[in-house]
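Any read-out appearing in this document is the output of simple, stated calculations on the displayed coordinates, not a laboratory observation. Keep in mind that what you see is a predicted model, and the values were worked out from it rather than measured. Cβ atoms come from the backbone with ideal geometry, glycine included; neighbour counts cover every protein chain shown.
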Amino acid sequence: MSEMISILELYILLTVAWAYILIYSVFQYRSSKNGPLLIRSMYLIIALFSFRFFSAYAINLLHDAQKQALFDEKMSAILTSFYHSMTLDMIDSIVTFAILIIIVLGFFGRQRIQLQNELDQFFRLKSDARRMKEDVHRKRDYIALLETVSAIKKLLIESSTQDEILTYVCALLGKVPHYKVVWIGLQRDENPIIDIAYRVDLVTPPYLTKDFYVTLDESDAHAYGPVGECMRTGKSVLIEDTQSDPRFEAWKYPAKASGLHSVLSLPMKIFNREKLFGVITIYSDAEHQFVNEELRILEDLIQNVSSAIAYHEANNRRKESEHELRNTVALLENIISTAPVRIFWKDRELRYLGCNNHFLHDAGLAHIDQLIGKKDTELVWAEHADEYNRDDRQVLQTENPVVNRVEREREMWLLTNKAPLYDEEHKVIGVVGSYIDITLQRRAELYLKENEQRFRELMNVLPNISIQGYDKDRKVIYWNRQSEVLYGYSEKEARGRRLEELVIPDDMRDQTITDIDNWVHNNIVIPPSELVLRKKDGSEVLVYSSHVMLRSQDDEPEIFSVDIDLTQQKEAEELLEHLANYDVLTQLPNRQFFLRHVKALINKAERNKSAFALLFVDLDDFKIYGHENGDIVLEEVAKRLLSILRDYDFVARYGGDEFIVTIEYEGDRELVQTIAEKIISSLKEPYYSKDITLKIGSSIGISLYPKDATNLQTLLSRADHAMYVAKKNGKNGFKYYGK
């Protein structure tokens, strides 16, 4: 009996142990449902085996309990039947079948995982292909834009008028993919309605209908779109979604009907002009978004277009001035040719160089070529040749004119004047002379008075040509209408006053008086030149001034000055010079100016055995604030940099949000570090745009001449590399190259 009790206790112990293992393995199986498949399978198999042995020992326990009469005989028969015939076999079958299922599921599970991985890889490849296709389309559009920009820059060189330039610019931009509508608006006089001067409309239905308009009248809803904002601010304006941006409310539904998704307006401004010249506006479809690089390309292009228009305007004004000057010269030549005076000029060998028509007629010749190169001994007055040549030689030797000499030639009495003929270097190259038939003096005097009146009237109406006449004491005797416009003095105010009291600046008075006296008394001609003269209001004006001396009826000298205003031409030249060397937004030197400056700085440092530092400054977190706020930040950054640097330090905008600073020093590298720290501290201070506070930082790379490099490209490259290291190290810091 005691032996039986010990076996029963053993069965109880084993039954409890396998029950614990069963419960533990089931709990671990449920807890690891997100774990590896192998671990879960192991826990499940352990649970099945635990269940098998738990069941077996439980049945043995019941059987032994029956033997000890703990159950009745009927219950004992049932237990014995299950124990010996079915129970354990059934449990073993269940466990075996379950293990097979686990193995099969594990196999197919692995196949399922492999299939899922292949599907994931397929979808990733499909996504990559879609992105590559989008990149191809984007690059194709970018290439098309660059080709269009290249074509436009070519036509800027070939075209010569504003209308021609703007017509081609509008047409070529309309050929860029996704640019569906392009138009150029100009403001005419004080009219608030923007004139659609040039257009390309490729959408259906057309967008630029007769009902479409833009105004600057702020009481009208059509004044608050991209064009109006661009006109008011002078900056580029981008509407990324025509349907959600409230600024585009007035044109929202036509844009939706025409499939227009985004709009970009770009200002066309000519340097030194207060108002915009115009605005060019581009509309794109839903498949296209204006990106930063595209905006930069278009802004640079429109700046080039504006500069080309300014250049061509200045060039056209210059051509007009040259044309007017040529017309004036032709007029003077015509006056000489048709004047009722015989005029001729000879070289130092007394061979004829030219004459007017009346002299040619007196010589009995039909064409000027029959006269040039001949001497008086070969002409109809050969018997008087010695007398004429004697006066000519006297003029050449003494360089003094022969004035009002009375000569007789056959039946005519002539009043002759001769003077030295000078070249541009004021060397005597011959003699010039004139004579008149004084037998008809009275008739000639009347004729001259009539011609003088016509000449004065003609001089009064000449555009842009100021003519003044002075006597030998420099008092005004003639003052045409253009002189009134140019200098501000009316003819009544000017007449009788001395030249130096009117238009000559104080520092030029003594020299001007000397030059006129030398011409009047010593026959030293005043050469043509550019002069800065003074207006009535005290302002200065640049003119091209040439002079001629005539004789009055009393044989008194009269000096006439012909002045052409060069102000517009100089302004155009200054404009082009500024646009070529300075950034339009920040007014800092641009990349071209910087390259020339550093080359000169390298030459200076090489000669003086000195050193300088090149700081490459890049703004951190700049692009997140958008284009309009970005322009405000760039302007403020330029001001802060200028306030930090010394007068002889240099700063330039290299491009985008990059700036270059050069610092000259003599062994004191702490100065470079101090300035770099000041730049970083200043640039990270907040910026304010309307009601928004903007915060950016800066990363600076520093290369030293001659320590790091002795040429421009290497210095720049190493400063750029150091800047990227500084940015990688956490931004808002600086880094020397190589450290």
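Odds and ends about this structure:
- Here the extension length gained between residue 688 and residue 161 equals 185.6 nm, from 0.36 nm per residue of separation less the Cα-Cα distance.
- When each of the peptides 419-429, 164-174 is scored by how many other beta carbons lie within 10 Å of its residues on average, the order from highest to lowest is 164-174, 419-429.
- Compactness of the range 556-678, taken as the C-alpha radius of gyration over 2.2 N^0.38 Å, stands at 1.49.
- Cross-link pairs exceeding 20 Å between alpha carbons, from the set 210/275; 623/735; 210/256; 154/180; 609/639; 684/727: 210/275; 623/735; 154/180; 609/639.
- Working from Cα pairs under 8 Å separated by at least six residues, relative contact order for the range 582-736 is 29 percent.
- Partner lysines for residue 418 [C-alpha distance under 28 Å; skip if fewer than 8 residues away on the same chain]: 346, 374, 375, 427, 449, 472, 475
- Each pair of Cα atoms in the range 342-404 enters the Kirkwood radius, and Stokes-Einstein at 4 °C and 1.567 mPa s then converts it into a translational diffusion coefficient of 106 µm²/s.
- The order of 283, 544, 179, going from fewest to most other C-beta atoms within 10 Å of their C-beta, is 544, 179, 283.
- Theoretical gain in end-to-end length, residue 643 to residue 244 [0.36 nm per residue, Cα-Cα removed]: 139.5 nm
- In a DSSP loop and with at most 16 other Cβ atoms within 10 Å, the trypsin sites (Lys or Arg not before Pro) in the range 577-615 are 609.
- Under 16 Å from residue 690, Cα to Cα: lysines that are on another chain or at least 8 residues apart: 235
- Principal axis analysis of the Cα atoms in the range 159-314 yields extents of 43, 36, 28 Å, listed in decreasing size.
- Ranking of 345, 381, 479 by count of other Cβ atoms within 10 Å, fewest first: 381, 345, 479
- Cα-based reach from residue 536 at 18 Å (exclusive), listing aspartates and glutamates while leaving out same-chain residues under 8 positions away: 484, 491, 493, 500, 501, 506, 507, 563, 565
- Footprinting exposure proxy ranking of 418, 536, 210, fewest other C-beta atoms within 10 angstrom first, gives 210, 536, 418.
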